[in-house]
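Taking it in order: structure first as structure tokens, then the write-up.
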Amino acid sequence: MTTNPQSLRIEGVYQQRQAENFMMRVKVPGGVLSAEQALKISEIADRFAGGRVHLTTRNSIEFHWLKEESLAEIGKMLAAVGLTSRGACGGAVRGVVCSTPFSAGFPAAQTLARKIHHHFTQNPHFEGLPKKFKIAVNADYSDPRHLIQDIGLVYAGTAEERDYYDVWAAGGLGREPTEGFLLKGKVAQENIIPLIESVVSVYKERTPQGKRLKHLVREIGREEFLREIQERMDTCGPLALPDGFDKGLTARPAAEASLHIEARVFAGELEAAALRNLAGIAAKHAEGFMVLTGDQNVAFIMKDQDSCDAAAMALAAVGFGGNSREERVLFRVCPGNHECRMGLAPTRDVARALLESIGPKGEALSWAIAGCPNSCSQPQLAQAGVVTSKIEKSESGELTPLFDLWLRSDIGAMGKVVRQRISLEELRQAIGEMG
């Protein structure tokens, strides 16, 4: 090992649990990935990452089992197709996400997500932050994930050719789940980046190292936080981001409702060969683009029903026909202690164990499993969520993970803990009793 692992974080690289192995996270703004980019990702996975990738709940892609000497070459390969890992880890503005790809406002949301991504990524003014800073642009309120961002933007409509967004702030999960609050309603798009810059600058100047924005707001209070934000906003004008033509990448269906189809990816683990197949489907049926969803699946947005039907047939032909239980039950998981140094439980194994216990009612729910209290898989926002809360050590020295079970019924809020620090067997029993 020749490089300090801490210095690699700004490049989107963390050291794995296994010595001399690394994870690299790739930003995919708004989750929209081109067929060409998907093919390059597949090539990298085959050459350096054991032939598979991990899809995250933040529309990103992770490579695991990388060697230090390969990192620079991987960076060049990503740059060749317009991708970067810069700022995907460490104290920076992370990847800009969208968890509402099937909503009518997604064309506007994905376009703004890319503009924000390009403005903040590799900008030294917005690196070296106390901790990570997360931004999401959602097309509507059908998904509550705007509540867990440092800045969550929700499309609020268009008037006189100007897009407007509700701006939420200071949310986050981890060991202290906190719902964000409405910072400002119906902010014109030209004021979005100045507002985010103001928030980031206050965060950078006022927050102790290692703390998120939610901690600063809790410390100084909302009123003082809002005053400091406005003080900075008063010194800068709007930043117009005009478009000469439509910048949306995915198809824009003729009807108001989105025409789409999904490839369900169990536990976020996708083989490189499968990704190549999906890239081919995107190129042939979806105008060259796919969408990585917040549920760790791959979606295609179609221009018409004929394209949708053809894509469905193509997906079934390459193993994504939706017939298996692993495809029917919506599971999202973090890598857990398979690879992550923070992981307390083998999340993919836990997911398969729980799959055996889920009954007909459970099949209709969205599920999420977090391998530690950091909650990267966002279990508090799933209809049924599992958090690995601690490791229990027996007298014989055996280590056993214990779990918290969360349930959510209100689409506009986080779930609630219903069972705490139970064993896997107790967890399976509780899930079986759900029906």
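The values are calculated or read from the model by the stated rules, or taken from the named source; none is laboratory data. Small disclaimer: the values here were computed from a predicted structure and weren't measured. Here the Cβ is made from the backbone with ideal geometry for all residues, glycine too, and neighbour counts use every protein chain on show.
Observations on the model:
- Any hit, the range 374-391, residues being of a type in the set (A, V, I, L, M, F, W, C), in a helix (DSSP H, G or I) and at negative phi: yes
- Screening the range 95-111 for residues that are of a type outside the set (Gly, Ala, Ser) and surrounded by fewer than 24 Cβ atoms within 10 Å (Cβ to Cβ) and picking the one that is nearest to residue 209 (Cα to Cα) gives 111.
- For the range 192-236, a tally of residues being over 22 Å from residue 94 (Cβ atoms), modelled with pLDDT of 95 or more and surrounded by 14 or more Cβ atoms within 10 Å (Cβ to Cβ) returns 4.
- Close pairs from the range 199-220: first under 14 Å from residue 134 (Cβ atoms), partner hydroxyl-bearing (Ser, Thr, Tyr) and crowded, with 22+ Cβ neighbours inside 10 Å, Cβ under 6 Å, at least 6 apart: 213/203
- Scanning the range 135-144 for residues that are surrounded by fewer than 21 Cβ atoms within 10 Å (Cβ to Cβ) and either touching a residue at least 60 places away in the same chain (Cβ under 8 Å) or among the polar types (S, T, N, Q) (or both) yields 141, 142.
- Candidate set from the range 28-58 (those that are among the basic types (Lys, Arg) and over 24 Å from residue 118 (Cα atoms)); member that is surrounded by the fewest Cβ atoms within 10 Å (Cβ to Cβ): 47
- Across the range 309-324, the number of residues qualifying as part of a helix (DSSP H, G or I) and in contact with a helix residue (DSSP H, G or I) (Cβ under 6 Å, 6 or more places away or on another chain) comes to 3.
- Those residues of the range 326-360 which are surrounded by fewer than 18 Cβ atoms within 10 Å (Cβ to Cβ), among the small types (Gly, Ala, Ser) and assigned to a helix (DSSP H, G or I), in sequence order: 353
- Looking at 287, 262, just one residue is assigned to a loop (DSSP other than H, G, I, E, B), of a type in the set (Asp, Glu) and not assigned by TED's automatic domain parsing to the domain that holds residue 131, and that residue is 287.
- Any hit, the range 249-260, residues being surrounded by fewer than 16 Cβ atoms within 10 Å (Cβ to Cβ) and within 30 Å of residue 331 (Cβ to Cβ): yes
- Residues of the range 133-149 classified as part of a helix (DSSP H, G or I) and either in contact with a strand residue (DSSP E or B) (Cβ under 7 Å, 6 or more places away or on another chain) or not assigned by TED's automatic domain parsing to the domain that holds residue 94 (or both), total: 4
- Applying a threshold of 8 Å to beta carbon distances and a minimum spacing of six or more residues, or different chains, the list of pairs starting in the range 301-320 at a residue that is surrounded by fewer than 15 Cβ atoms within 10 Å (Cβ to Cβ) and ending at one that is among the hydrophobic types (A, V, I, L, M, F, W, C) reads 304/254; 304/259; 305/259; 319/274.
- Residue that is farthest from residue 151 (Cα to Cα), among those in the range 177-194 that are charged (D, E, K, R) and in a strand (DSSP E or B): 186
- Between 152, 174, the distinction of being under 15 Å from the mean Cα position of the chain (by Cα), at pLDDT below 95 and either crowded, with 24+ Cβ neighbours inside 10 Å or not in a helix (DSSP H, G or I) (or both) belongs to 174 only.
- Residue list for the range 361-372, restricted to those being under 17 Å from the mean Cα position of the chain (by Cα) and either crowded, with 18+ Cβ neighbours inside 10 Å or at positive phi (or both): 367, 368, 369, 370, 371, 372
- With respect to the stated conditions, residue 426 is in contact with a Lys or Arg (Cβ under 8 Å, 6 or more places away or on another chain) and either within 30 Å of residue 182 (Cβ to Cβ) or surrounded by fewer than 16 Cβ atoms within 10 Å (Cβ to Cβ) (or both).
- Criterion applied to 103, 99 was being in contact (Cβ under 8 Å) with a residue 60 or more places away in the chain, farther than 30 Å from residue 373 by Cα and assigned to a loop (DSSP other than H, G, I, E, B), and the one residue passing it is 103.
- In the range 158-171, the residues that are in a strand (DSSP E or B) and in contact (Cβ under 8 Å) with a residue 40 or more places away in the chain: 158, 163, 165, 169
- Checklist (1) touching a strand residue (DSSP E or B) at 6+ places or on another chain (Cβ under 7 Å); (2) of a type outside the set (Lys, Arg); (3) within 21 Å of residue 121 (Cβ to Cβ) applied to residue 166, failing item: (3)
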